[in-house]
Amino acid sequence: MIDSNPPLLNHYGALLRNSDEPQNSRTFNDQDSNDTVVDTCELPLIDLNGLKSCNVRERMACSAAICKAASEWGFFQVINHGINPDLLRNMREEQMKLFRVPFEKKVSCGLLNNPYRWGTPTATSSNHFSWSEAFHIPLTMISEAACWGEFSSLREAINEFAPAMLEVSRLLAGILAENLGHPTDAVEKLCDASTCFLRLNHYPSCPKSKEEIFGLVPHTDSDFLTILYQDQVGGLQLMKDSKWVAVKPNPDALIVNIGDLFQAWSNDEYKSVEHKVVANDKVERYSIAYFLCPSYTTMISGCKEPSTYRNFTFGEYRHQIQEDVKKIGHKIGLSKFLRKGTYTTTTV
């Protein structure tokens, strides 16, 4: 039988052997262990129909709830977001068809100019290994029909899905910007539709226990906003009050989280929160993330003075993240990189 899943177990085993780690080693750090989850949470749930209300107080209350969640949680859920459920289902079906392609074909066919990734190629220890595979798709690729080959139906689905996700992300970014005294299009002007990304994620079932392997290692997102459409398997966890909490899936909701750029732009008013995915030993998991990003040349500065962080370009930040991952297996974090007077290009 042809296997569509990547050889994750082989790669994980090689990491253990090459790094001389004990088989029961699991020490990313004390608070990153998968078995320290103390609760299952329901993220703040916001009905975006409130923004359309004829009642001014209801509109203001909805906007205030969005801003409060961005400040206190860095994560929230939205319902009545305006994206057709049929579009979401079709996108999921196309995603599943893509990942069911034989592994060797995914690796070698050059689909979409090689955005396919699996495991963690830069990992030097099992603590930095992700039990997952993904297609990271720049949305500039939508117009390049020749790159899609036999997956033209996926291209058509993304061609509808991406603009719908962009509309939701711009709506939310506008509310968050206005709350800080800026025009609603302040972030929109920094993030063109063509500079955003989609990441199609697949987490195969894992024969190891969930305490041993991450589906996706702890991280923060390096964009402005991320909009996540996930299935009902669960596995997403976030850091809240210095503890990992598991996010309960909601079939009607999209998950929204603040990225590093929004935290920097807002001078820490909004929080980019560390999160991870826990591997599942019984069932596979699918999700699709939409990343609201600027171009690499876009300069990011605080929305008001005095600024908490120094000015930087998105490209500069992404480059440093890639260097950190190569050297130490993970990025060093927004604060260490961007705090005024603390940055060096050789931070490890």
*Give me the pairs, please: first residue somewhere in segment 300-313 and within 11 Å of Ser266 (Cα to Cα), second residue anywhere and part of a loop (DSSP other than H, G, I, E, B) and of a type in the set (Asp, Glu), beta-carbon distance under 7 Å, and either six or more positions apart or on two chains.*
Thr308/Asp268
*asked:* His219 - would you say it is under 30 Å from Arg310 (Cα atoms) and touching an Asp or Glu at 6+ places or on another chain (Cβ under 8 Å)?
replied: yes
*Given the structure, is Ser169 outside any loop (DSSP other than H, G, I, E, B), over 29 Å from Thr298 (Cα atoms) and either open to solvent by 70 Å² or more (accessible area, probe 1.4 Å) or polar (S, T, N, Q) (or both)?*
no
_Filtered residues of segment 255-297 (kept if in contact (Cβ under 8 Å) with a residue 60 or more places away in the chain, part of a helix (DSSP H, G or I) and open to solvent by less than 10 Å² (accessible area, probe 1.4 Å))_ = Asp260, Phe262, Ala264
*Just a yes or no: is a residue in segment 29-43 at pLDDT 95 or above and in contact with an Asp or Glu (Cβ under 9 Å, 6 or more places away or on another chain)?*
no
*asked:* Being closer than 20 Å to Leu180 by Cβ and touching a Gly at 6+ places or on another chain (Cβ under 6 Å) is the filter here; which residues of segment 40-86 pass it?
replied: Cys62
*Could you tell me whether Gln237 is in contact (Cβ under 8 Å) with a residue 24 or more places away in the chain and either within 19 Å of Ala134 (Cα to Cα) or of a type outside the set (D, E, K, R) (or both)?*
yes
*Considering only segment 205-252, how many residues are closer than 21 Å to Ser125 by Cα, in contact with a helix residue (DSSP H, G or I) (Cβ under 9 Å, 6 or more places away or on another chain), assigned to a loop (DSSP other than H, G, I, E, B) and open to solvent by 10 Å² or more (accessible area, probe 1.4 Å)?*
7
*Please go through segment 189-204 and pick out each residue that is assigned to a loop (DSSP other than H, G, I, E, B) and more than 21 Å from Ile300 (Cβ to Cβ).*
Pro204
*Based on what the data block shows, is Leu172 more than 30 Å from Lys326 (Cα to Cα) and in contact (Cβ under 8 Å) with a residue 40 or more places away in the chain?*
yes
_Any hit, segment 58-75, residues being modelled with pLDDT under 95, among the charged types (D, E, K, R) and surrounded by 14 or more Cβ atoms within 10 Å (Cβ to Cβ)_ = no
*Which one of these is closer than 27 Å to Ala253 by Cβ and either open to solvent by 60 Å² or more (accessible area, probe 1.4 Å) or in a helix (DSSP H, G or I) (or both): Ala186, Ala157?*
Ala157
*Could you tell me whether any residue of segment 187-194 is more than 25 Å from Met60 (Cβ to Cβ), among the small types (Gly, Ala, Ser), out of contact with any Ser or Thr (no Cβ under 9 Å at 6 or more places or on another chain) and modelled with pLDDT of 95 or more?*
no
*When residues of segment 113-154 are filtered for being within 18 Å of the chain's Cα centre (by Cα), open to solvent by 10 Å² or more (accessible area, probe 1.4 Å) and either at pLDDT below 80 or farther than 15 Å from Phe99 by Cα (or both), how many remain?*
4
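The values are calculated or read from the model by the stated rules, or taken from the named source; none is laboratory data. Predicted model only: the values in this text are computed from it and were never measured. Cβ atoms come from the backbone with ideal geometry, glycine included; neighbour counts cover every protein chain shown. Areas reflect the complete protein model, heavy atoms only, side chains present, ligands, DNA and RNA absent. Shrake-Rupley method; radii C 1.70, N 1.55, O 1.52, S 1.80 Å.
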